[in-house]
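The values are calculated or read from the model by the stated rules, or taken from the named source; none is laboratory data. Remember, predicted model here, so these are calculated numbers, not experimental data. Neighbour counts are summed over all protein chains in view; Cβ atoms, including those assigned to glycine, are modelled from backbone coordinates with ideal geometry. Side chains are part of the model used for accessible areas, which takes the heavy atoms of the whole protein and leaves out ligands, DNA and RNA. Shrake-Rupley method; radii C 1.70, N 1.55, O 1.52, S 1.80 Å.
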Amino acid sequence: MNQQLSAAPQHTSSAPAATGDSPSAVLAVPPAPPAEAAALLRAALARHTDVSDVAADLATGTPGFTLVDSRSTAAWDQGHVPGAVHLPAASIRALAARHLDPARPVVTYCWGPGCDGATRAALALAERGFRVKEMLGGFEYWVREGFPYDTADGRRTTAPDPLTAPVRDADDCGC
């Protein structure tokens with residue numbers, strides 16, 4: 001249904017307008033100075049990566065990191081990234097030294113953006129001296145972007161979700 005608004009939406013924030021007389025929820029707190037923003041963003045990239053970058057590096061056959069699935073065995077059997085090491089977050093403290101090389105960076109993932117299992121796993125690994133990053137989006141976005149995954153019944157692939165990735169192989173999101 002096509003509705004027309006009879007009046008412009010009202011700004012409900014109690015924050016002062018950031019620029020001129022035009023209220024802005026986005027600019028109510030001004031952007032950080034460029035050097036401060038660059039340092040913060042560089043620090044975020046030092047802790048996070050995304051599924052497309054992980055997939056591209058895994059495709060080389062020598063990614064330079066170990067990918068760790070921090071979910072339960074039932075979740076692992078339901079589907080996991082090919083080549084990942086299965087270390088449930090609750091077992092990392094006991095098993096990390098046996099299954100991971102401390103000289104090699106580790107990338108952790110869990111279900112998806114609504115799960116902090118990858119964060120807990122990364123913390124447990126960092127506290128044991130491992131260099132870690134989290135894979136943003138987790139297994140959910142791996143599948144949604146159309147990358148292959150392994151299950152207890154074999155390898156599967158689904159079509160990319162057009163809300164998360166280009167739908168044609170030749171397309172690149174440009175990030």
- [ ] Taking the Cβ of Tyr149 as the centre, find all other residues whose Cβ is under 12 Å away and add up their charges (Lys, Arg: +1; Asp, Glu: -1).
- [x] -3
Open item on the list: Could you order the peptides 55-63, 69-77 from most to least packed, using the average number of other C-beta atoms within 10 Å per residue?
Closed with: 69-77, 55-63
Open item on the list: Suppose all protein chains stay in the model; what accessible area per residue would a 1.4 Å probe give for the range 46-101, in Å²?
Closed with: 48
Task: Net charge contributed by nearby residues that have their C-beta within less than 13 Å of Cys110 (K/R +1, D/E -1) - done: -2
- [ ] Indicate the gyration tensor shape class of the range 27-175 (rounded, prolate or oblate), computed on the Cα atoms with a ≥ b ≥ c the square roots of the eigenvalues: a/c under 1.5 is rounded; otherwise a/b larger than b/c is prolate and the rest oblate.
- [x] oblate
Task: Cut-off 10 Å between beta-carbons: net charge of the residues surrounding Val81, Lys and Arg +1, Asp and Glu -1 - done: -2
TODO: Place a label point 7 angstrom from the Cα of Arg104 along the Cα-to-Cβ direction, then list the residues of the range 31-66 whose backbone nitrogen is under 18 Å away.
DONE: 54-66
Task: Accessible carbon and sulfur surface of the range 24-106 relative to its total accessible area, %, 1.4 Å - done: 63
Open item on the list: Let me make sure I get this right: for the range 18-114, a, b and c are the square roots of the gyration tensor eigenvalues over alpha carbons, sorted descending. Under 1.5 in a/c it's rounded, otherwise prolate if a/b > b/c, else oblate. Which is it?
Closed with: prolate
Open item on the list: Accessible area per residue for the range 122-167 in Å², computed with a 1.4 Å probe and the full protein assembly in place, what is it?
Closed with: 55
Task: Highest to lowest packing among 115-124, 85-94, 133-142, scored as the average C-beta count within 10 Å - done: 133-142, 115-124, 85-94
Open item on the list: Suppose the chain between Asp150 and Leu41 were pulled fully straight at 0.36 nm per residue; how much longer would it get relative to their current alpha carbon spacing?
Closed with: 35.9 nm
Open item on the list: For the range 25-175, what does the relative contact order come out to in percent, with C-alpha contacts under 8 Å and a separation of six or more?
Closed with: 22
